[in-house]
Amino acid sequence: MNKDKQLLPTYERPQYWRSLEELRGPGLVTERDSAAALADAAGLDRRELVKYLGVSFAMAGLTACTRQPTEKIVPYVRQPEEIIPGKPLFFATAMSLSGYATGLLVESHMGRPTKAEGNPLHPASLGATDAFSQAALYDLYDPDRSQSITFLDEIRAWPAFLSAIRVALEKARTKKGDGLHILTETVGSPTLGAQLLALLRDLPGARWHQWEPNNRDRVWAGAAAAFGQPVETILRVDRADVILSLDADFLACGPGHLRSVREFSARRRPRDRQKFNRLYAVESTPSVTGACADHRLPLRAWDVEAFARSVAGLVGAGSAAQAPSDFAKAVAEDLKSHRGKSLVIAGDDQPAPVQALAHAINAALGNVGQTLITTDPVPVRTESQIDSLRQLVGDMDKGLVDTLIILGGNPTFTAPADVPFAHALEKVGLRIHLGTHQDETSAHCHWHVPEAHFLESWSDARAFDGTASIVQPLIAPLYRGKTPHEILAALSDQPERTSHEIVRDYWRDKLSGDFESAWRQALHDGVIAGTAFSPKALAVWKSAPPSNASAATPETAAGSLEIRFRPDPTIYDGRFANNGWLQELPKPISKLTWDNAVMLAPQTAKRLALTNEDVVKLEYRGRSIEAPVWIQPGHVEDAATLHFGYGRTRAGQLGTRIGSNANALRTADAPAGDRGLQITKTGRTYSLATTQQHDVMEGRALVRSATLEEFERQPKFAHEIVEEPESDLTMYSSFPRQEYAWAMAIDLNACTGCNACVVACQAENNIPFVGKDQVSRGRAMHWLRVDRYYSGSPDNPTTHHQPLPCMQCENAPCELVCPVGATVHSAEGLNDMVYNRCVGTRYCGNNCPYKVRHFNFYHYSTKFRAPSMRMLANPDVTVRWRGVMEKCTYCVQRINEAKITAEKQDRRVRDGEIVTACQQACPAEAIVFGDLADSESRVVRRKASPTNYSLLGELGTRPRTTYLAEVGNPNPALAAAESKRS
Amino acid sequence: MSDRRESRYVPVIQPGHTFASVTDKISSIVLSRRTPRFWVVGFGIGFALTLGMLYAIGVLFFRGIGVWGVNQPVGWGFAIVNFVWWIGIGHAGTLISAILLLLRQEWRTSINRFAEAMTLFAVAQAGLYPILHLGRPWLAYWLLPYPNTMALWPQWRSPLVWDVFAVSTYATVSLLFWYVGLIPDLATLRDRARKKTAQIIYGMLAMGWRGSAMHWHRYEMAYLLLAGIATPLVVSVHTVVSFDFTIGIIPGWHSTIFPPYFVAGAIYGGFAMVLTIAIPLRSLYHLEDFVTLRHLRNMAKILLATGLIVGYGYMIEIFMSWYSGSPYEKYMTWNRMTGPYWPAFWGLMLCNIVTPQFLWFRAIRSSPLGLWIIALIVNVGMWLERFVIVVTSLHRDFLPSSWGMYFPTKFDWMTYVGTIGFFVALFFLFIRFLPMISIFEMRTLVPEAELAPADAERKEQ
């Protein structure tokens, strides 16, 4: 105790000193002295030592109250250029899907890619993205990606693979390549194409096959029929006054669809009457394009040819058909009065004669060269993929294939039911699969090589118009994945060559000027200037091809339906089956998640006594599968649609064994389906998860719409429907306006309902996906959802889309009721959510009239726990805990970043400097965000539109997000007939 | 007329009782009679259900609120339904004790003790729910205004904060009221107990009560004051609870009629629960002498009166949704009647409006079994009322795109049934260890008490 007392004052009381001498005390302090002091301290007796030890131990224990992550701090040995911690960098690259590229700018935080944006310089993007490219990052970090080279499921090293391939190659070389087959997906990469062609030159006996289920065989065949050679047809939607879509979903998929959307919606501004276009859609399955159409005619895919023929006859591109329908007559009249300014588009799924008919009509109307440009095809080869696959399977079956190298794709799953790919594959001596996942195909292969994701690899790709982009990696391959370039290099005995060298070497003599600077410019811009294909003037064959199939094929058995196979709107051909974001993304029209279903018209379902979720047996051409029923308003009668891509058996933790495999019914001769489907009820049911259970507006003025005539008569039609209280009609003083007042305006007339914004929001804001069970319990987390309403008859309803982010009400009902002040109003008008303060009463969610608040019922963010998934999270946005409410913030992290930048430069934030994630993704430019305090801002100009209205404004919430009402442009001739019908 | 005849012919205590017999009869249940078998069975069931509830709560805390059926449009489900239901039940006790005391309704004497206990236990159940239903229940104390380093207070505009105060005040005053009323009886038990432990425990609880004139004087004063404080609370608590809904913007919630009709509904439900408990209790413990037909009839009349008020409330609510002209209000009412939850609405109408009409008949008012069945039905009806208000308002509000359905999960049910079990278990403990009828107040009803008019006068001062 005595010693304690002596020690204590020394430690507790600060010592004051006036000079160094005084500090040192009498005499100089030497090392020896301090050593002596230490010795004194060490001279504590045993009891005291233990006492101190005990106290230190207990105090150390206190620090364990918060769990600190283990973080190794390793300084840079060499500081990388341009990396400032906390500041993201953007790199241009491109994503290819079925051979066509979309240019991207990918955000990189400290070397890890976190978000994809569109590249404004890229012709297929113009700054916008679709849902697939937004979700590409999820695929990169997918924990189920294959991570090592395997031989018969055993891990092997790259050299082992090389020696295996060398043996096979030697053998092939002795036979001049006979027996060596390479199967790829559609190849749009010029470098890869050149590599393949070089290999074929080297080994003339080797074969290159292409196959992917959503191929463009019919497009090339149709173009060949019309133009004499397969050509790319580029749509110039911006030049078209009248558009007829023949079962074409050109606003949602296909080459250049983002650009088409931009051009389409730019011509639907009601104040610009002269430029306002008109869209007719003829389709069997309700699509995004059909939902945008001014007139939509449900027609079985089979009957589209007859319709096209009658239109062709009426516009003078063939013999006049007997008794064309009123619709065809009206369309033809409209097309004829817009010669050179109209456009007829045939869907990729339509058979070659329809493609040719569309070209013939366009030619007859003088549209070719105006609204329709022909160029060289973008894919390196345009041979019929189904023939190519058939040939491969035939060779395999005959035992002619010694080595098969599958570069990407999943043919075992995607091959048509009557092409026994998996069976024939077993007869191949050496089977090599390059793929991002251990999938159905790798299960049948000897070797599996993990494929590098496009964000990990060097490559190149062409946009729909031929513009080439260099695909540059954002990150080194996470699992030492290989690119197809590297595999092909290995086949050419150059295994040491990297993709980077290969791609550079290809472009070395093709870039103009100094190569290094041109290369750097190409990487920077994301496009290689001047690589777009030049238009090809071709002799156009103006008359319709003779009718063939329709007359020849006998009518099928009575009571049979037509079946239609289409790629899934969110997981495409199944390649995104393990992508949680895309699985949970509601399908644009049906709002289904996590499943596909056989879609039937309401009348057909009624006739067959089926309701939603009934499991039915689909029998078609001697094969059968089971699938649940989804009644889809607007679907054509006596037909069914089943999206392919589901039913994967080896996709990963998320995508395996969900949905029904449409590939088990698809046949090679009619890949888009045909008549002859029999549906029988099994009596069982299967629950489907949808994010929207109620489809009609119940007479409420939610989406307000009018025709162009009505708009001209009464521009303020959107305000006549509901009386909105004056903004000063309140007892409280209004909120003081600060320097900025953030607001958003959403143009419902532009929105196509494509859902790209939903995934963009999810990627930007670390929104977890919750799984099918939670979706069906109504717990989907999307901060931004796209509501879909039908109006009119369920047989052919008008479809309305309404994106719904937080309304950021100035008079917010949610703020009032939070007991702990976890949701508060910011000075700039944002309705802020303080996650740390939230205790989770959910009162705010209840009291939100728009129901845009989302609650973490479980700890959903554990989805980010996998090591690779942690890299996916945007570091600028909090990852939320369970029990916490969350909602749209107008991307407050982007607002703050721009404000900091502006403050540093001592200026206001400029209009357009802040772009929310949804706005950035939107191809239609439907969403505009900005500052209300800036009278010149785009959002102020947009809100000045007479069609601008507040959703549920009559409640006095004064939302900052407002909508521009829909304005349609129906053909007066048809509108009269339709109103009579309804 | 009939009232007077009833009260004339049926006394509040059967003739023949003396001070001693009253004390004996009530205290023997606690002190000397064997614990009856039904007690063991009843308590056992209650306790088992309580354990089930604890399990459900354990799962809830471990996994999150997702184990319940709540979802995006319906953010409040069983938890809030049950909260309001239990709070409502907790109204009768204080009403009987405080308001009827102030109104000098001496028939309240034999039922006030267990009605108060019922109140207390019901409020305890109710108090569980607001904490359980939080997304992060461990932060529930953030709703309290306490000085903290974050310098943060609750958000005073939120009715949930008002709720915290209303319910905690009510629970505190109810507890005090009940305990103060118990003190003289605890002293009686202390004096009559044979076992040492019982003597010590009751002795401590009796807080040194000796029954001196000074004690009685202070006691009467305190009790009267507490009654005065408790009386406005009877009205305020459920008014504030109703604010949880009226302050909201949701059609079906945003309504000025809620405060009065919630209070009436609470009294209605509370009396139904008192009857539900009193009728079996009096026959099991042979207390027909103390809880007489007169009590049952009086309570039946209160049930009828409040039932009519509640029915009027429903009618006005329906009328106003039409009269408002608001399409959302109109749809809400129509949806309640014909939407997917129509059985709840029509069940509610049947239970709460049709059933009490039987109470117009004296024969039914005088039949303990009939009354008991009606009381049970009213209990169910009051639960349905809260279900209809909470769930059917939320599940279809303004935007049809966000409409959804609410289905309770097994954990919802386990928690709900568990609180009933917990309530039953607490009640069985109460009747086993404390006098369920006020001994000293019953003694004032015995003819002996009237022999000394001077005493009676003094008491009334």
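The values are calculated or read from the model by the stated rules, or taken from the named source; none is laboratory data. Keep in mind it's a predicted model, so treat the numbers as computed, not measured. Cβ atoms come from the backbone with ideal geometry, glycine included; neighbour counts cover every protein chain shown.
Taking the criterion of being within 7 Å of chain B (Cβ to nearest Cβ), farther than 25 Å from B:MET150 by Cβ and among the aliphatic types (A, V, I, L, M), no residue of the range A:835-865 qualifies. Residues of the range A:384-407 include at least one that is touching a residue at least 60 places away in the same chain (Cβ under 8 Å), in a loop (DSSP other than H, G, I, E, B) and in contact with a Phe, Trp or Tyr (Cβ under 9 Å, 6 or more places away or on another chain).
Of all the numbered requirements in (1) touching a residue at least 40 places away in the same chain (Cβ under 8 Å); (2) over 17 Å from A:VAL344 (Cβ atoms), A:LEU246 misses one, and that requirement is (2). Among the residues making up the range A:883-902, those that are aliphatic (A, V, I, L, M) and within 14 Å of chain B (Cβ to nearest Cβ) are A:VAL884, A:MET885.
When each of B:ASP163, B:ASP185 is tested for being charged (D, E, K, R), within 14 Å of chain A (Cβ to nearest Cβ) and surrounded by 16 or more Cβ atoms within 10 Å (Cβ to Cβ), the lone residue that passes is B:ASP163. Taking helices (runs of 4 or more DSSP H) as the structural unit, those lying wholly within the range A:691-805 and holding at least 3 residues that are more than 13 Å from chain B (Cβ to nearest Cβ) and among the acidic types (Asp, Glu) correspond to A:708-713.
Looking at B:ALA193, B:ALA187, B:ALA222, B:ALA227, just one residue is in contact with a Leu (Cβ under 7 Å, 6 or more places away or on another chain) and within 20 Å of B:SER97 (Cβ to Cβ), and that residue is B:ALA227. B:GLN155 satisfies every condition listed in (1) surrounded by 16 or more Cβ atoms within 10 Å (Cβ to Cβ); (2) away from chain A (no Cβ under 14 Å) except (2). Those residues that are basic (Lys, Arg) and under 16 Å from A:GLN350 (Cα atoms), I need them from the range A:298-340; list them, please. A:ARG300, A:ARG309 - these are the residues of the range A:298-340 that are basic (Lys, Arg) and under 16 Å from A:GLN350 (Cα atoms).
Each row is one residue, and each column tells you yes or no for (1) free of Cβ contacts under 8 Å to residues at least 40 places away in the same chain; (2) away from every other protein chain (no Cβ under 14 Å); (3) surrounded by 18 or more Cβ atoms within 10 Å (Cβ to Cβ).
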{"residue": "A:LYS904", "(1), (2), (3)": "yes, yes, no"}
{"residue": "A:ARG907", "(1), (2), (3)": "yes, yes, no"}
{"residue": "A:ASP911", "(1), (2), (3)": "yes, yes, no"}
{"residue": "A:VAL915", "(1), (2), (3)": "yes, yes, yes"}
{"residue": "A:CYS918", "(1), (2), (3)": "no, yes, yes"}
{"residue": "A:ASP931", "(1), (2), (3)": "no, yes, yes"}
{"residue": "A:SER937", "(1), (2), (3)": "yes, yes, yes"}
{"residue": "A:PRO959", "(1), (2), (3)": "no, no, yes"}
{"residue": "A:TYR963", "(1), (2), (3)": "no, no, yes"}
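Restricted to strands (runs of 3 or more DSSP E) entirely inside the range A:423-527, those with at least 3 residues that are touching a His at 6+ places or on another chain (Cβ under 9 Å) and in contact (Cβ under 8 Å) with a residue 12 or more places away in the chain are A:430-435, A:447-450. All but one of (1) crowded, with 17+ Cβ neighbours inside 10 Å; (2) within 14 Å of chain B (Cβ to nearest Cβ) hold for A:VAL824; state the number of the condition that does not hold. Of the numbered conditions (1) crowded, with 17+ Cβ neighbours inside 10 Å; (2) within 14 Å of chain B (Cβ to nearest Cβ), the odd one out for A:VAL824 is (1).
Here is a yes/no grid of residues against (1) part of a loop (DSSP other than H, G, I, E, B); (2) under 21 Å from B:PHE423 (Cα atoms):
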{"position": "B:ALA151", "(1), (2)": "yes, no"}
{"position": "B:VAL161", "(1), (2)": "no, no"}
{"position": "B:THR169", "(1), (2)": "no, yes"}
{"position": "B:TRP178", "(1), (2)": "no, yes"}
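Scanning the range A:567-615 for residues that are under 19 Å from A:ALA640 (Cβ atoms) and assigned to a helix (DSSP H, G or I) returns A:PRO602, A:GLN603, A:THR604, A:ALA605, A:LYS606, A:ARG607. Scanning the range B:384-414 for residues that are in contact with a Phe, Trp or Tyr (Cβ under 8 Å, 6 or more places away or on another chain), among the charged types (D, E, K, R) and part of a helix (DSSP H, G or I) returns B:ARG386, B:ASP412. Against the numbered list (1) more than 8 Å from chain A (Cβ to nearest Cβ); (2) crowded, with 20+ Cβ neighbours inside 10 Å; (3) part of a loop (DSSP other than H, G, I, E, B); (4) modelled with pLDDT of 90 or more, B:GLY421 comes up short only at (3). Please tell me if B:MET349 is more than 14 Å from chain A (Cβ to nearest Cβ), in contact (Cβ under 8 Å) with a residue 60 or more places away in the chain and over 24 Å from A:MET697 (Cβ atoms). Here the answer is no, as B:MET349 does not meet what is asked. Per the listing B:GLY370, B:GLY381, the residue uniquely surrounded by fewer than 24 Cβ atoms within 10 Å (Cβ to Cβ) and away from chain A (no Cβ under 14 Å) is B:GLY370.
Yes/no per residue for (1) buried (at least 23 other Cβ atoms within 10 Å of the Cβ); (2) over 18 Å from A:TYR963 (Cβ atoms); (3) in contact with a Phe, Trp or Tyr (Cβ under 8 Å, 6 or more places away or on another chain):
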| residue | (1), (2), (3) |
| --- | --- |
| A:SER733 | no, yes, no |
| A:ALA743 | yes, no, yes |
| A:ALA756 | yes, yes, no |
| A:ALA760 | yes, yes, no |
| A:PHE769 | yes, yes, yes |
| A:SER776 | no, yes, no |
| A:ARG779 | no, yes, yes |
| A:HIS782 | yes, yes, no |
| A:VAL786 | yes, no, no |
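Only one of (1) within 14 Å of chain B (Cβ to nearest Cβ); (2) in contact (Cβ under 8 Å) with a residue 40 or more places away in the chain; (3) farther than 24 Å from A:TYR138 by Cα; (4) of a type outside the set (Asp, Glu) fails for A:ARG880. Which number is that? Evaluating A:ARG880 over (1) within 14 Å of chain B (Cβ to nearest Cβ); (2) in contact (Cβ under 8 Å) with a residue 40 or more places away in the chain; (3) farther than 24 Å from A:TYR138 by Cα; (4) of a type outside the set (Asp, Glu) leaves (3) as the failure. Whether a residue is of a type outside the set (Phe, Trp, Tyr), surrounded by 22 or more Cβ atoms within 10 Å (Cβ to Cβ) and free of Cβ contacts under 8 Å to residues at least 60 places away in the same chain was assessed, and A:VAL288 does not pass this test. Among the residues of the range B:119-152, those identified as within 11 Å of chain A (Cβ to nearest Cβ) and at pLDDT below 90 are B:MET150, B:LEU152. Determine, yes or no, whether A:ARG156 is at pLDDT 90 or above, more than 30 Å from A:ARG259 (Cβ to Cβ) and of a type outside the set (A, V, I, L, M, F, W, C). Here the answer is yes, as A:ARG156 does meet what is asked. In the range B:372-383 there is no residue that is in a loop (DSSP other than H, G, I, E, B) and either in contact (Cβ under 8 Å) with a residue 12 or more places away in the chain or out of contact with any His (no Cβ under 9 Å at 6 or more places or on another chain) (or both). Number of residues in the range A:802-824 that are in contact (Cβ under 8 Å) with a residue 40 or more places away in the chain and in contact with a helix residue (DSSP H, G or I) (Cβ under 7 Å, 6 or more places away or on another chain) equals 5.
Within the range A:673-690, how many residues turn out to be part of a strand (DSSP E or B) and within 14 Å of chain B (Cβ to nearest Cβ)? Summing the residues that are part of a strand (DSSP E or B) and within 14 Å of chain B (Cβ to nearest Cβ) in the range A:673-690 gives 2. Taking every residue in the range B:204-223 that is within 17 Å of B:GLU441 (Cβ to Cβ) and surrounded by 15 or more Cβ atoms within 10 Å (Cβ to Cβ) and pairing it with any residue that is among the small types (Gly, Ala, Ser) and modelled with pLDDT of 90 or more, at least 6 positions away or on another chain, the pairs with Cβ-Cβ distances below 7 Å are B:ALA206/B:ALA187; B:TRP209/B:ALA187.
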